[in-house]
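Please treat every number below as a calculation from the coordinates, not as lab data. In this text the structure is predicted, and so the values were computed from the model without any measurement. Note that each Cβ is placed from the backbone with ideal geometry, even for glycine, and that neighbours are counted across all protein chains shown.
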Amino acid sequence: MEQDNYNLQRFIEAQDLIYPIVLKELQEGRKRGHWMWYIFPQLKQLGYSFNSKFYGISGIEEATAYLGNPVLAQRLREVSETILHLSTNDAVEVFGGIDSRKLCSCMTLFDIVSPDEVFARIIDKYFNGQQDKCTIKIINHLST
């Protein structure tokens, strides 16, 4: 078994029971549950709550490892493709105000790690092509 240096298992454990519900909510075009932290993770430096810190991604290396995990990569791409194909282009309508910003942060992070994927298309559709400035600033700071 591969070593899990980032405890990515925390995401799998959190997702396992709720993932079908998440997918159904997204297919219906409206997030209702409290699962944003571990379905669309963002940098831990962007959050203040326990869940934001616990499920936050530490940087590019952990985000790369996240996409290197077959279960997590498949699920992130599936939920991303699901929202990409909704008829709306209003992230606030689907996620609400706060979680729509978290979505932009998540998509920015994974677009940096893996360009030319669904993540960039979501940024284009829901955020007028504008990546999250705070995520970029933190990544740049971590890289120096």
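Which ³J(HN,Hα) values, rounded to whole Hz and listed in residue order, are derived for the range 32-43 from phi using the Karplus coefficients 6.51, -1.76 and 1.60 in 6.51 cos²θ - 1.76 cosθ + 1.60 with θ = phi - 60°, glycine and proline given as x?
Result, rounded to whole Hz: 10, x, 10, 9, 4, 4, 9, 9, 10, x, 10, 4.
The chain: longest stretch without exposed trypsin sites (Lys or Arg not before Pro) (DSSP loop, at most 15 other Cβ within 10 Å), sites themselves excluded?
Longest site-free region, per DSSP loop and neighbour criteria: 33-144.
Which residue, chosen from LEU109, SER80, TRP35, occupies the Cα position most advanced towards the positive end of the dipole of the range 9-143, where the dipole is computed from +1 (Lys, Arg) and -1 (Asp, Glu) charges on Cβ about the Cα centre?
Comparing the listed Cα positions along the dipole, TRP35 ranks first.
For LEU43, which sequence-distant residues (separation of 5 or more, or a different chain) have an amide H within less than 5 Å of its own amide H, given hydrogens modelled in the peptide plane?
Placed amide hydrogens put ILE57 under 5 Å from LEU43.
For the chain, state the semi-axes of the equivalent ellipsoid (square roots of 5 times the eigenvalues of the alpha-carbon gyration tensor), sorted largest first and rounded to whole angstrom.
21, 18, 14
For the range 1-34, which GluC sites (Glu not before Pro) are in a loop by DSSP, counting at most 15 other Cβ atoms within 10 Å?
Here the GluC sites (Glu not before Pro) that fit, given the DSSP loop and packing criteria, are GLU2, GLU28.
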